[in-house]
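*Asks:* Handing you a structure now.
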Amino acid sequence: MSILREQLTAGFEKIYRQLNEQQRRAVDHLEGPVMVIAGPGTGKTQLLAARIGRILQETDALPENILCLTYTDAGAVAMRQRLQSFIGAEAYRVNIHTFHAFCNDIIQDNRTLFEKNSLEPVSELERIELIKTIVDGLDKDNPLKRYRGDAYFEISNLKNLYSDMKREGWDAAFIKTGIREYLEDLPNREAFIYKTSRAGKYNKGDLKQEAIENEKDKMARTAAAADTFVIYQELLHRHNRYDFEDMINWVLTAFREHPYLLAQCREQYQYILVDEYQDTSGSQNALVSALLGDDPTPNIFVVGDDDQSIYRFQGANVVNMLNFAQAYAPVLYTIVLTENYRSVQPVLDVSRALIGHNEERLVNKLPGLEKVLKAAHPDRMHDLTVPRLCIYANPFQEMAGLAGELESLIREQGVPPEHIAVIYRENKYGEALSRFLQMKDIPVYAKRKQDLFKEPLAVKLLTLLRYIAAETEVPYSGDGLLFEILHYDLYGVPPVEVARLSVEVAEKSFREKTSLRAYLQDWLKTRNPTLFEQRPHEALFEVARKLEGWIGAAFNTTLQELTERVIREGGFLPHVLQSPDKVWLMQVLSAVFDFVKAETRRNPELNIGGLVRTLDLMERNGLPVAINRILGNEHGVNLLTAHGAKGLEFEYVFLAGGNATNWEKKRKPSSGYTLPDTLLETPAKYQEEEELRRLFFVAVTRARRHLSISWCRENNEGKALEPSRFIAELREGSDLPEETVTPDSNRLADFAALEFTAAAPRISAEGQEWIDRLLDKFVMNVTALNNYLDCPLKFYYNNLLRVPSGRSEATEFGSAVHHALERLFLKMQESEDRSFPAEEVLLNDFRWFMHHHRESFTREAYARRMEYGQDILRHYYQQYAAGWNKVVSIELNVRHVVVDGIPLKGKLDKLEFNGNAVNVVDYKTGNYERKGTREKLLPPNEKNPLGGDYWRQAVFYKLLLDHYKLKDWRVASTEFDFIEPNKKKEYYKHRIDITAEDTATVLSQVKTVWQQIRQREFYTGCGKPDCHWCHFTSTHHQQLETEDAETE
DNA sequence: CAGGTAGTCGTTTTT
DNA sequence: CGACTACCTG
């Protein structure tokens, strides 16, 4: 007996004696294939570890000859720890890996086999960048190409598609064959044939052409996407990168092409164990098969529970278990573990009733299999606790009630919080709940991935970097960001001072081109540029000096050094250290820094502009930089999603949010491209329900003793809800009583007070006499009117302070289109025969403008907008040129109009005359079919008593022109001319004929708003949750007062 | 039953 | 943005 064997014998015997009959049989059956079906709580990890011990004890195998494959890192770690407690340090010689780590090792150890000597896994970010180049390279009529909105929208869809294709082993040809079959089959399907007739339109039995066209469009998208797959593979290859799916597929290929590699592996791994076998995907399973080869009795030991397979969305496939059983049927030793060490019998009974509703189970597929879990410790039956079903009035009460229950368990019954778990379907629920519990000082423990880009501190740091980048690339282009930066609490500048500065600059820039930055610079250099201006607040200079330093440094230091300097000098550290949340905030800071480090390591040439473009790309694609935040500590109540709870157990389990809408009625998000159903073998709908039921089963079986499931009768808006059907299924056989729970009113009131009552942010109005000066100069215009009606703060910042705003890609594009059309009409007017110049002239003017403002675009955006703009203008010209009214006035600036004592002004794109009747034309870029556009055109109605913004604009123009003393015009109508066509290339004009009532309504709006503005009622925001300026005010105004929503 | 439209909502998780 | 549902209307 070797030393190792002696060592492990003593410890092992003790463990072995604790095993039950079934487990011992599984451990002892060393040779040939074994499949263990291990229900929840049946001691699976213990079993695997014991078996490894047994192999080492009974055979000549060395630890190195054993391969244990798991699904997750956590699984591998847990496994090794358990093994270590049996056999000590030798445990480290056993090969315990995740599938991916195992394959990655093989690739890295045999790089020459993979044709490259520098090969690295692709990072998430690189992957996005590669796919971005694919999207950029799509040609004009590719159905995936988008010109407006989010041009890179397809990136994440493509990413998912590639993963699916790799996991399933599909190529483009296979998908397109599927599509062809699908489309050919459509005419045979009931859903595409009319069942009734309608006179003049269609007869019974006709095909629904429109629906078929629709499917064809969808399939064209899918096919186009599948076609890019080879490009993606090619790009990966060229960059010496491979992705997660490749790890497994490549090794499979290598095994096929280089038999000696496979032989070598087979020789080394004499005993193979696979944990969580129900979670293996098709390719992972193929890997296992390859390692086993054609040996009819391989030493393979798989453990899994088909009822706990909850990762099908990642490619996991229960069918693997079934195939395994069938492949080795003659020699397979199958064991079902049914003795449950975790839960009391009533919990087991309930979960059994539930899972019994699934069809896709091994017990239904394999003969002679039975899986009825029995509590291993019947002595615990004496304090039998029956699962509870609690019904709350609404989610709010549910959380309050839950908090109450937790509170009394912990404070009155002395239950350690870590013995309690609240389990729910989605993280979102947990977020709300943890906020709730923390307010009541109930300790919580939740691990959560948070998006770095959503953390205010990170946003501040990144905004600084963005600002520096903007100023480095195009000097004085970052004023919008600067305005924000000056408000940072890091610098202690009173917001009033920033406002004053901003106005000063806005006024000055009438006379000469200037900017916040230039203005501050002037002061820094000369102390007092003009004797008449008041010196800005001292703290502003502090910030300005720092910023100038960084902008200078950007040219001379590495990106890493610059970032470090910004963190060091930018006031971040003292701010973090003073905060009660300092641990977390430090984590945020280092995460940003780590991100920059990682990016520069991957791309040493990266400069700050490149970094910012990367950030933009990630942000636009909703690609989070995940950062793990641990909420509370391990002595708190566990807050978990059902997925996250897998493998864990708790004395008390509260399964919250048991409504149908959270489970089987939750609609699943569209996955980008619709696949033809000819590709998929099983009816998806059915499968999904079974998978969800398994998830519910996992959640329920986490409970040792106490299980409480709750649902709500209504949602917080008062709409009726129903319980999940799984709850009804649980109750079959064991008559669980329902309890309607109403938290006592004191507690509810407590929570209501704690709840975030929507508060309208408010700026302190004191000390702003200088605002009077601004008000004196203020002239009413449509934008101001619309802004004020939307949110008074929006008016305050945009129209009064005239906060500098960056020229966005979209607005610049709009200007280019406006410009080109303006020139077109002017040239017509100037021409001798009053004829319109050629189409090419129009396009030329457009190109000229774009070219002169190209700094507002990224290179890709520029090319894309250029192409798109010319395309729509060309069609626009062809559509309308013949019929244009030539009696027009272009870009008229109307000032000095006074109506009822109120000064008005406005700028009009185009006036078309018919005698002295005027049709005002306003160009709109943007798709008129876009959401919200229609409402903007509507006069007041119940839903929007103020009327839409465009409608108001139309009426305002009439008001303006009708009172325009210089001319005797009558405005008959206003027309909104949409320059962008819809998908079908149709152009659209919307004409508003203005009634006397309309004029009266808008006039009264103008009067009211005018009066309110004169009375300085613009310091309180609208309080709408998505209002930019309300958000800005509440984050940056320290002296903010919140106005209670109740004071109404 | 078919078509239009307004309204709603946009996971779970690992490598 | 766009896919899906619920509801309304002919």
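Values in this text are rule-based calculations from the coordinates and carry no lab data. Just so it is clear, the model here is predicted, and its values are computed rather than measured. Please note: Cβ atoms are built from the backbone with ideal geometry, for glycine as well, and neighbour counts cover all protein chains shown.
*Asks:* Would you calculate the separation in nanometres between label points at A:T811 and A:T999, each defined as 7 Å from the Cα along the Cα-to-beta-carbon direction?
*Replies:* 3.3 nm
*Asks:* Of the options A:F229, A:F192, A:V251, report the single residue whose Cα projects farthest towards the positive end of the charge dipole of segment A:188-251 (beta-carbon charges: Lys, Arg +1; Asp, Glu -1).
*Replies:* A:F192
*Asks:* Taking 20 Å as the cut-off for C-alpha to C-alpha distance, list the pairs among A:K145/A:K454; A:K145/A:K985; A:K905/A:K965 that go past it.
*Replies:* Distance filter (> 20 Å) returns A:K145/A:K454.
*Asks:* Within segment A:8-45, report the GluC sites (Glu not before Pro) that DSSP leaves as loop and that have at most 13 other Cβ atoms within 10 Å.
*Replies:* Sparse-neighbourhood loop GluC sites (Glu not before Pro): A:E31.
*Asks:* Relative to the Cα centre, what is the charge dipole magnitude of chain A, using +1 at the beta carbon of each Lys and Arg, -1 at the beta carbon of each Asp and Glu, and rounding to the nearest 20 debye?
*Replies:* 1440 debye
*Asks:* Looking at segment A:66-173, which trypsin sites (Lys or Arg not before Pro) are DSSP coil and have at most 10 other C-beta atoms within 10 Å of their C-beta?
*Replies:* Taking segment A:66-173 and a limit of 10 other Cβ atoms within 10 Å, the loop trypsin sites (Lys or Arg not before Pro) found are A:K140.
*Asks:* Determine the gain in length on full extension of the stretch A:S734-A:Y988; use 0.36 nm per residue of separation and subtract their C-alpha separation, reporting nm with one decimal.
*Replies:* Extra length available between A:S734 and A:Y988 comes to 85.1 nm.
*Asks:* Provide the per-residue ³J(HN,Hα) series for segment A:1006-1015, in order, calculated from phi with Karplus coefficients 6.51, -1.76, 1.60 and θ = phi - 60°, each as a whole number of Hz, with x at glycine and proline positions.
*Replies:* 4, 4, 4, 5, 4, 4, 5, 5, 4, 8
*Asks:* Still on this structure: Which value, to two decimals, describes the C-alpha radius of gyration of segment A:327-415 once divided by 2.2 N^0.38 Å?
*Replies:* 1.59
*Asks:* Separate question: I need to check one value: relative contact order of segment A:20-172, counting alpha carbon pairs closer than 8 Å and at least 6 residues apart, in percent.
*Replies:* For segment A:20-172, the relative contact order is 14 percent.
*Asks:* Are there cysteines in chain A with no second cysteine's Cβ under 4.7 Å away, and if so, which?
*Replies:* A:C68, A:C103, A:C265, A:C390, A:C712
*Asks:* Using Cα atoms only, what is the angle between the long axis of helix A:124-137 and the major principal axis of chain A, expressed in degrees (0 to 90) to the nearest 10?
*Replies:* The helix A:124-137 is inclined about 50 degrees to chain A.
*Asks:* So how far, in whole Å, is the C-alpha centre of segment A:955-1022 from the one of segment A:845-922?
*Replies:* 17 Å
*Asks:* Another one. Okay, which of segment A:430-460 sit inside 19 Å, backbone N to the point 7 Å along the Cα-Cβ direction of A:K582?
*Replies:* Counting only backbone N, you get A:457-458.
*Asks:* Separate question: Got a sec? Charge dipole of chain A, +1 on Cβ for Lys and Arg, -1 for Asp and Glu; which of A:M780, A:P367, A:S1034 is way out at the positive end?
*Replies:* Result: A:M780, furthest along the dipole toward the positive end.
*Asks:* Please compute the contact order of chain A in relative form: average sequence separation of alpha-carbon pairs under 8 Å and at least six residues apart, divided by the residue count, as a percent.
*Replies:* Across chain A, relative contact order equals 13 percent.
*Asks:* Right, here's the next one. Under 5 Å between amide hydrogens, which residues at least 5 positions from A:S973 or on another chain qualify, with H placed 1.01 Å from N in the peptide plane?
*Replies:* Residues meeting the criterion, in which the H sits 1.01 Å from N, are A:V918, A:V920.
*Asks:* Further question: Which of the listed residues, A:G947, A:T112, A:C390, is farthest toward the dipole's positive end in chain A, when Lys, Arg count +1 and Asp, Glu count -1 at the beta-carbon?
*Replies:* Of the listed residues, the answer is A:G947.
*Asks:* Taking DSSP loops as anything outside H, G, I, E and B, show the longest stretch in chain A free of chymotrypsin sites (Phe, Trp or Tyr not before Pro) there with at most 11 other beta carbons within 10 Å.
*Replies:* A:1-531
*Asks:* Multiply the residue separation of A:I212 and A:K719 by 0.36 nm, subtract the distance between their alpha-carbon atoms, and state the gained length in nm to one decimal.
*Replies:* 178.9 nm
*Asks:* Say a paramagnetic label sat at a point 7 Å from the Cα of A:D139, along Cα to Cβ; which residues of segment A:188-226 have their backbone N under 19 Å from it?
*Replies:* Backbone N within reach: A:220-226.
*Asks:* A further question on this structure: How far, in degrees from 0 to 90, does helix A:229-238 lean away from the longest principal axis of the Cα atoms of chain A, to the nearest 10?
*Replies:* Computed tilt is about 80 degrees.
*Asks:* With the cut-off at 1.5 for a/c, could you classify segment A:48-132 from its C-alpha gyration tensor as rounded, prolate or oblate?
*Replies:* Prolate shape, in that a/c is at least 1.5 and a/b is the bigger ratio.
*Asks:* Moving to a separate point now. Taking R0 as 45 Å, what's the FRET efficiency between A:E412 and A:E689 from their Cβ-Cβ distance, rounded to 0.05?
*Replies:* For A:E412 and A:E689, the calculated efficiency is 0.65.
*Asks:* Using only Cα atoms and rounding to the nearest 10 degrees, what angle (0 to 90) does helix A:44-58 make with the longest principal axis of chain A?
*Replies:* Value to nearest ten degrees: 50.
*Asks:* Still on this model: If you take the beta carbon distance between A:R859 and A:T253 as r and set R0 to 41 Å, what does 1/(1 + (r/R0)^6) give as a FRET efficiency, to the nearest 0.05?
*Replies:* Using R0 = 41 Å, I get an efficiency of 0.65.
*Asks:* Under 20 Å Cα to Cα from A:K374, which aspartates and glutamates show up? Leave out anything in the same chain fewer than 8 places away.
*Replies:* A:E21, A:D305, A:D306, A:D307, A:E339, A:D349, A:D383, A:E649, A:E651, A:E729, A:E732, A:D735
*Asks:* Quick one: which of A:K460/A:K1024; A:K132/A:K931; A:K140/A:K166 span more than 25 angstrom between C-alpha atoms?
*Replies:* A:K132/A:K931; A:K140/A:K166
*Asks:* Could you work out [θ]222 nm for chain A from helices alone, using -39500 (n - 2.57) per DSSP H run of at least four and dividing by all its residues? Round to the nearest 500 deg cm²/dmol.
*Replies:* Estimated from H runs of four or more residues: -15000 deg cm²/dmol.
*Asks:* Follow-up. Over 27 Å between Cα atoms, which of A:K428/A:K582; A:K371/A:K428; A:K719/A:K936; A:K449/A:K582 qualify?
*Replies:* Correct reply: A:K371/A:K428; A:K719/A:K936.
*Asks:* Considering only DSSP states other than H, G, I, E and B, which GluC sites (Glu not before Pro) in segment A:338-439 qualify as loop sites with at most 15 other Cβ atoms within 10 Å?
*Replies:* A:E359, A:E370, A:E426
*Asks:* Let me ask something else about it. Compute and list, largest first, the equivalent-ellipsoid semi-axes of chain A from the alpha carbon gyration tensor, each √(5λ) rounded to a whole angstrom.
*Replies:* Value: 60, 35, 32 Å, ordered largest first.
*Asks:* Continuing with the same structure: Run the simple label-point estimate for A:T557 and A:Y260 please: 7 Å along Cα→C-beta, distance reported in nm.
*Replies:* So the two model labels end up 5.4 nm from each other.
*Asks:* Which three extents, in whole angstrom, do the alpha-carbon atoms of segment A:950-998 cover along their principal axes, largest first?
*Replies:* Answer, in whole Å and largest first: 43, 24, 13 Å.
*Asks:* Now for a different question. Apply the Karplus parameterisation 6.51 cos²θ - 1.76 cosθ + 1.60, with θ equal to phi minus 60°, to every residue of segment A:213-219 and state each ³J(HN,Hα) to the nearest whole Hz, in sequence, with x for glycine and proline.
*Replies:* With the stated coefficients, segment A:213-219 comes to 4, 4, 4, 4, 4, 4, 5 Hz.
*Asks:* On to the next question. Once label points are set 7 Å from the Cα along Cα→Cβ at both A:A191 and A:S85, what is their separation, rounded to one decimal in nm?
*Replies:* Label at A:A191, label at A:S85, 5.2 nm between them.
*Asks:* Here's something else I'd like to know. Tell me, in nm to one decimal, what length is gained between A:I231 and A:T112 on full extension, where the rule is 0.36 nm per residue of separation less the Cα-Cα distance?
*Replies:* Length gained, A:I231 through A:T112: 40.5 nm.
*Asks:* Restricting the count to DSSP beta bridges whose residues both fall in chain A, what percent are antiparallel, rounded to a multiple of 5?
*Replies:* The answer is about 40 percent antiparallel.
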